[in-house]
Amino acid sequence: MKYVIVGGSVTAASGQAAIRRNRPEADIRVVADEPVPFYYRPLIPYLLDGSKTADEILFTDQPTAGTRAELIHDRCVRINPKKKVIGLQSGKELAYDKLLLAAGGIPIMLLQNMVGLDSKGVFTLRSLDDAIKIREYLPTCRTAVIIGGGLVGIKTAEALMRVGLAVTVIEQQPQILPLRADLTVAATIAARLKKQNINVLTKEAVAEIITQKGRANGVCLASGGIVPADLVIMAVGVRANIDFLLESGIKVDHGVVVNNRMRTSVPDIYAAGDLIRFIDQATGEKAMSGLWSNAVHTGSVAGCSMSGGRSEMPPMLSVMNSTEIAGLPIISAGLLHTQSDQYAVYTEAQGEKYRKLIFDQDRLVGMIFLGDVSRAGVYTNLIRNRIPLGDRRDTVIREVMTKIR
Amino acid sequence: MQFLYAQTDRCLGCRSCEIACRIEHSEEKNLFSAVSQIHPPKKRLFVEQQGDRKEPVLCHHCDDSPCMAACITGSLYRDERGVIRRRDERCIGCWSCIMACPFGVVARDANLHLAVKCDRCPDREIPACVASCPTKALRLVDADMLSEERRQEYMLREEK
Amino acid sequence: MERSTDKAVTHVLNNHKGGKQLQTVWDRYEAQQPQCGFGELGVCCRHCMQGPCRIDPFGEGPDRGICGATADTIVARGLARAIAGGTASHSGHALHVAHVFKKILAGKAPDYAIKDEVKLKAVAVRSGIDVEGRPVIDVARELLDKALSEFGDKGEPLTWAASTLPLGRIKVCSELGIVPTSIDGTIAEVMHRTTYGVDADPINILLGALKCAVADYTACHIATDLSDILFGTPQPVVSKANLGVLREEAVNIALHGHNPLLSDIIAQVASEPELIAEAKIAGATEGLNMVGICCTGNEVLMRHGIPLATSSISQEVAIMTGVLDAMVVDYQCIMPAIATVAECFHTKVITTMAIAKMPGAEHMAFNEENAVECARAIVRQGIERFTYRNPDKVCIPQESSTAIAGFSAEAIIGALAKVNADDPLKPLIDNIVAGNIRGICLFAGCNTVKVPQDHNYVEMVKKLLAENVLILATGCASATYARHGFMTSEATKEYAGEGLTAVLTAIGEAAGLGGPLPPVLHMGSCVDNPRAVDVAVAVANKLGVDLSQLPVVASAPEAVTEKAVAIGTWAVAGGFPTHLGVVPPVLGSKLVTETLTATLKDLVGGYFIVEPDPAKAAEALLAVIDERRAGLGL
């Protein structure tokens, strides 16, 4: 039995580990296109200011270090389910009995035809390679613009601020962290960032990148202003890496459609991680996510299913994040923005600390903890597992709201 | 495989385990210096009360370990005893483990900027919380031993 | 951990024949581990039924009790109540003696008498009672009335405090409002102010506690004075100490507890030929052998030369020798465990006091009205039990040390008078000035299971003696030094520094001892601590300084009881830096800890030095002594 895994990140690693648990002697090929795969991707911003080195973000257990696993540096460009082979960029073909698609996501390049997009000093930040390139470019920079006020954008802004750059974050939405925070929390965090001399512009878009001798040296805002920038980082998000599936016949709907055992519409082909589409437990709607723990869990379920085990996709959320920004910890999960009367919203604030719970009847469907994140997991699990609380609902509210410390 | 077992009907809520935990994780491992540490040591288990029942809520070192699955740095790992531990140098204080733990037993040490959880006292044979429990509500048990014990309890109940 | 540094105790612990099930204080201590951290820090409160409340010493959980009391308030209240507990013990002890005194004067206690008229007159004069040309009985009545009035609502400063302390000290205490006007009233006041919803100001509570401690001093002083009047003021006596004093061929009866009221009578009847004959008939060829334990032991050692078997912490071990036929107890420091240990042997535990009974013991009510009869009946119980002795369970250790005891203040002044009859204090003061006596340290308090028995005492005293510090000892401290051979002339040669050896030799020779005075002077039981104060006050008055200026310190390196807390606190209020070798339950409050160890120095001159390490403690006390010497220009 030949197992082939496409991808070099955590989904691939946990899929591989699951196969290995069921079939210790399995023949596993891992096709990864990055020069150095298997590292903790969320730590990439920490490479920019040197607070982590490349070695320090590698997986502590390299998945292909075991027996009968082979790491192939190549890129999967097509799949032929009939012949059960995948085609590689190098021109080679690779046969499989079971295939796991774990190719993750690729960064979105905003406005593909934006002026200046191809000039020196314009980067995305998705891979270790990206980070190394930016770090090499840094000595020539004094100013930076981050396009996108999401989590990656903010973490990148903080790292660049630490190396002494004058940083501006530009976000189109009325608030930063639109997917992780509500307006209140976003405003608190923005205020903290500004205190650290990070310039935060919301409801602003970049119209073009200004260049001089082929090098970026500023951005022109849609509203007319100009922000100096020796370095421009595009951090507007990620989309599923599914272009190579076009001719495979695998059913795609924004992301790869899978059943609850992570199998695609095509026999013997499984998919997991950032490229799949699933049903969000909080909203009940189709969703995609780049969440680390979703990647770990779905990778594991896929690997298990492929190798004869029984395992089911756990309940998943598209929003469930934890981080610390400008010294403030924040954990949010589920539904964060509500207009509808269907939901009951409870908030409590104590200085910068803030807690918000959103209920749909007796079920918790959303939460934000800022400043004091203690016991957050108890509540993210109530959301994820759609636990009906009945008369315990008031107890939960009281617990959360009276124990801010 | 050993694990920490809390027999809740024996817990009096004295919080000795919490104190013992902090002492074990303090600089000098002694109460009097622990209370005078500038940054007091953190506890890794939590005595809570639900109705009449008092209970130490503690890390189960779960098989499916949501904390480890959520760790984005490689800090959390399972040691040879099956205990989920932290590599200090890897932890960046992102609190993903706090977000993931359904028992709420991972805590944030804001001073050290480290996630704090039960490490089952690697320097001790018997964890400090177990050793401190005056009513033996907290025990370090063998999985097999416990099920045997449960069976016997059940049989005795039947005989009555 | 090592249990005891006393070889006799260790021998019995290791070789006794009581069986494997037998548990001692050390086993029970182990079984209690680990002990509650909230209790150790003093941050739990059970003063009302809304509680118990506990403050989180790590600042994450509750920072106040249900009523709003903070850790500072709770710790201060707890300490104050401990002091009230200690004071109540000494009040009860003193009042008991006073009540017997009253019966004597009323002719209702024919077995007692006023034995020491000189002391009676001296105390009366000191207390402002006219003695010239008056019959002894009149003076005694007036003194007794005065003593009894100290316990009730006297309404003015207590006589036994005001007349025994230097003026400077009284001024300091008056300014702080810590001069008590009633012993029992002050105890009640502490209970009142620390009950639900009264005093919440930690400093105010601590001042109340200091006042209570001064009341404790008063009670102790009354107890000592009245006991001396009834049973005689101790004079140096040579005896022996440690478990080796138990004899296989004699009926061994241990007198354990604190009060001489019963034990002194038993000591008297034990020499009655009739009883000795009964013992011999029962098979004890060597007759009766009375031995002492704890402070009752000290009382009968000082006044009758009765050997001391062991100290309070090792009271069970005396039974475990298998040759103790009866253990007669009065009150205080008597472990309920002795009845259980006695079950493994033939020993009869006999309780005698209405307020101190014990499951498993036989209660033989002691009536002062027919004290001698009661005492004889008790001794006969011991003789009867002798016949049940199991030879297979005998385990008597060899160790016993010679001990010279009985250094009351009067005895010390008396010895000094042999050197200079006109001015007895002069030799003492001259030698302090000359540095032959670098300072004086009073060791007091108990033995604790928390350190190997006697370890702190012995390590500290070796160091201090080598540095020419004269040592006074009371209570279990004196018993410790007696057992370890520090109360002999030889000990002076072995341990004392050159200057101190010279002084002790000169006094000893002059007093006709044929050798130096012991380097550790046995001043009595724990209630007798005021004897040491009396000596210090005499020196202070002679020099025209306050107690807080003298190079005199105190130490309770193995303290256990509430009484020890009370005594330590009045030693501090008296101006003496006082070392504690066991951490008291106050560390949960930084404010209280700071007040006790630092702020009090500015207020009263005395303060607590908490140091579990005996070597460091001795260094700390030497530093204080030198600081005070420098203050006096020495």
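Over the protein assembly as shown, what percent of the accessible surface lies on carbon and sulfur atoms, probe 1.4 Å? Write down the numbers at each step before the final one.
Values: 24280 of 47430 Å².
Here carbon and sulfur together make up 51 percent of the probe-accessible area.
Considering only DSSP states other than H, G, I, E and B, which trypsin sites (Lys or Arg not before Pro) in the range A:6-86 qualify as loop sites with at most 15 other Cβ atoms within 10 Å? Provide the component values of the computation, followed by the final result.
Working: sites: A:ARG20, A:ARG21, A:ARG29, A:LYS52, A:ARG68, A:ARG75, A:ARG78, A:LYS82, A:LYS83, A:LYS84; in loops: A:LYS52, A:ARG68, A:ARG75, A:LYS82, A:LYS83, A:LYS84.
Of the trypsin sites (Lys or Arg not before Pro), the ones in loops of the range A:6-86 whose Cβ has at most 15 other Cβ atoms within 10 Å are A:ARG68, A:LYS82, A:LYS83.
Under the definition of partner shielding as Cβ atoms of other protein chains within 10 Å of a residue Cβ, what is the mean value for peptide C:58-71?
Values: counts 11, 2, 8, 6, 0, 0, 0, 0, 0, 0, 0, 0, 0, 0.
The mean count of partner-chain Cβ atoms within 10 Å per residue comes to 2.
When ranked by the protection proxy of mean other Cβ atoms within 10 Å per residue, highest first, what sequence do the peptides C:538-544, C:296-302, C:85-91 form? Could the numbers behind the result be given before it?
Details: C:538-544: 16.6, C:296-302: 30.6, C:85-91: 25.1.
Final packing ranking: C:296-302, C:85-91, C:538-544.
Return the whole-Å distance between the Cα centroid of the range A:349-378 and the Cα centroid of the range C:399-452.
71
If ligands, DNA and RNA are left out, what is the accessible area of C:ARG303 with a 1.4 Å probe, given in Å² to the nearest 10?
40
Could you give the nm distance between label points at C:VAL238 and B:GLU125, where each point is 7 Å from its Cα heading toward the beta carbon?
With each label placed 7 Å out from Cα toward Cβ, I get 5.2 nm.
Any idea how far apart C:TYR388 and A:THR140 come out in nm if each label point goes 7 Å out from Cα toward Cβ?
10.3
Residues with beta-carbon under 14 Å from that of C:GLY155, excluding C:GLY155: net charge, scoring Lys, Arg +1 and Asp, Glu -1? It would help to have the intermediate numbers written out before the result.
On the way: positive: C:LYS146, C:LYS154; negative: C:GLU150, C:ASP153, C:GLU156, C:ASP184, C:GLU189.
Charge balance near C:GLY155 sits at -3.
Whole Å is fine, so just give me how far the alpha carbon centre of the range C:568-634 lies from that of the range C:1-45.
Cα centroid of the range C:568-634 versus Cα centroid of the range C:1-45: 28 Å apart.
Considering Cα pairs under 8 angstrom that are at least six residues apart, work out the relative contact order of chain C and quote it in whole percent.
About 17 percent, as a whole number.
Between B:LEU12 and C:GLU490, how high is the FRET efficiency from 1/(1 + (r/R0)^6) when r is the Cβ-Cβ distance and R₀ = 56 Å? Nearest 0.05.
Details: r = 54 Å, r/R0 = 0.97.
With a Förster radius of 56 Å, E is 0.55.
Looking at chain A as a GNM with Cα springs under 10 Å, which of A:THR298, A:THR168, A:THR64 has the largest mean-square fluctuation?
Between A:THR298, A:THR168, A:THR64, it is A:THR64 that shows the largest mean-square fluctuation.
Chains C and B: what accessible area do they bury, summed, in square angstrom to the nearest 100, with a 1.4 Å probe?
Details: alone 22930 and 9810 Å², together 31370 Å².
That pair of chains buries around 1400 Å² in total.
What does the average come to when, for each residue of peptide A:367-375, you count the partner chain Cβ atoms lying within 10 Å of its Cβ? Mind dumping the intermediate values first?
Values: counts 0, 0, 3, 0, 0, 2, 6, 8, 10.
Average per residue, whole number: 3.
Taking θ = phi - 60°, what integer Hz values does the Karplus form 6.51 cos²θ - 1.76 cosθ + 1.60 yield along the range C:421-426, in sequence order, with x for Gly and Pro?
In residue order, the calculated couplings are 5, 6, 9, x, 6, 4 Hz.
Could you pull the accessible area for B:ASP142 with a 1.4 Å probe, rounded to 10 Å²?
Approximately 50 Å² of B:ASP142 is accessible to the 1.4 Å probe.
Most mobile of A:VAL122, A:VAL85, A:VAL378 per a Gaussian network model of chain A (Cα springs, under 10 Å)?
Checking each option, the largest mean-square fluctuation is seen for A:VAL378.
Could you compute the longest span of chain A free of GluC sites (Glu not before Pro) located in DSSP loops and having at most 16 other Cβ atoms within 10 Å, not counting the site residues? Walk me through the intermediate numbers first.
Numbers: sites that count: A:GLU25, A:GLU247, A:GLU285, A:GLU312, A:GLU352.
Counting at most 16 other Cβ atoms within 10 Å as exposed, the longest clean stretch of chain A is A:26-246.
Pairs of Cα atoms under 8 Å, at least six residues apart: use those to get the relative contact order of the range B:2-159, whole percent.
On the way: 242 pairs, mean separation 45.1, N = 158.
Computed over the range B:2-159, the figure is 29 percent.
Per residue of B:9-20, how many C-beta atoms from partner chains lie within 10 Å of its own C-beta, taken as a mean? Could the numbers behind the result be given before it?
Numbers: counts 0, 0, 0, 0, 2, 7, 6, 6, 1, 5, 9, 2.
Other-chain Cβ atoms within 10 Å of each residue's Cβ, averaged: 3.
Please get the size of the charge dipole for the range A:86-245, origin at its Cα centre, with Cβ charges of +1 on Lys and Arg and -1 on Asp and Glu, quoted in debye to the nearest 20. Each step should come with its number before you reach the end.
Working: 17 positive and 13 negative charges, 98 e Å.
Using only the charged Cβ atoms, the result is roughly 480 debye.
Using a 1.4 Å probe, how large is the accessible area of C:ILE437, given in Å² and rounded to the nearest 10?
Taking all protein chains as shown, C:ILE437 has close to 0 Å².
Would you mind checking which residues have amide H under 5 Å from A:TYR270's amide H? H placed 1.01 Å from N; only 5 or more apart, or other chain.
A:LEU99, A:LEU100, A:LEU101, A:THR264
So what is the relative contact order for the range A:122-236, in percent, with contacts set as C-alpha pairs under 8 Å and at least six apart?
Relative contact order of the range A:122-236: 34 percent.
Rounded, prolate or oblate: which fits the range C:219-270 when a ≥ b ≥ c are the square roots of the eigenvalues of the alpha-carbon gyration tensor, with rounded for a/c under 1.5 and prolate only if a/b beats b/c?
It comes out prolate by the Cα gyration axes.
Roughly how many Å is it from the Cα centre of the range C:209-225 to that of the range B:120-160, as a whole number?
A separation of 51 Å, based on Cα centres.
Which stretch or stretches of the range C:68-87 have amide N atoms under 14 Å from the point lying 7 Å from C:TYR196's Cα along the Cα→Cβ direction?
C:68-69
Hey, can you find the accessible area per residue of the range A:327-402 for me, probe 1.4 Å, expressed in square angstrom? Could you put the intermediate results ahead of the total?
Numbers: 3160 Å² over 76 residues.
Spelled out: the 1.4 Å probe surface of the range A:327-402, per residue, equals 42 Å².
From the backbone phi of the range C:356-369, what are the Karplus-calculated ³J(HN,Hα) couplings (6.51 cos²θ - 1.76 cosθ + 1.60, θ = phi - 60°) in whole Hz, Gly and Pro given as x?
My calculation for the range C:356-369 gives 9, 9, 8, x, x, 9, 8, 9, 10, 4, 9, 10, 5, 4 Hz in order.
Please compute the length gained on full extension between A:TYR346 and A:ASN113, using 0.36 nm multiplied by the number of residues separating them and subtracting their Cα-Cα distance. Let's see the in-between values first.
Working: separation 233, 0.36 × 233 = 83.88 nm, distance 4.41 nm.
Once the chain is fully extended between A:TYR346 and A:ASN113, it gains 79.5 nm.
The values are calculated or read from the model by the stated rules, or taken from the named source; none is laboratory data. The model shown is predicted, which means the values in this text are computed figures rather than measured ones. So basically every Cβ, Gly included, is an ideal-geometry build from the backbone, and we count neighbours across all protein chains shown. With ligands, DNA and RNA removed, areas are computed over all heavy atoms of the protein, side chains included. Shrake-Rupley method; radii C 1.70, N 1.55, O 1.52, S 1.80 Å.
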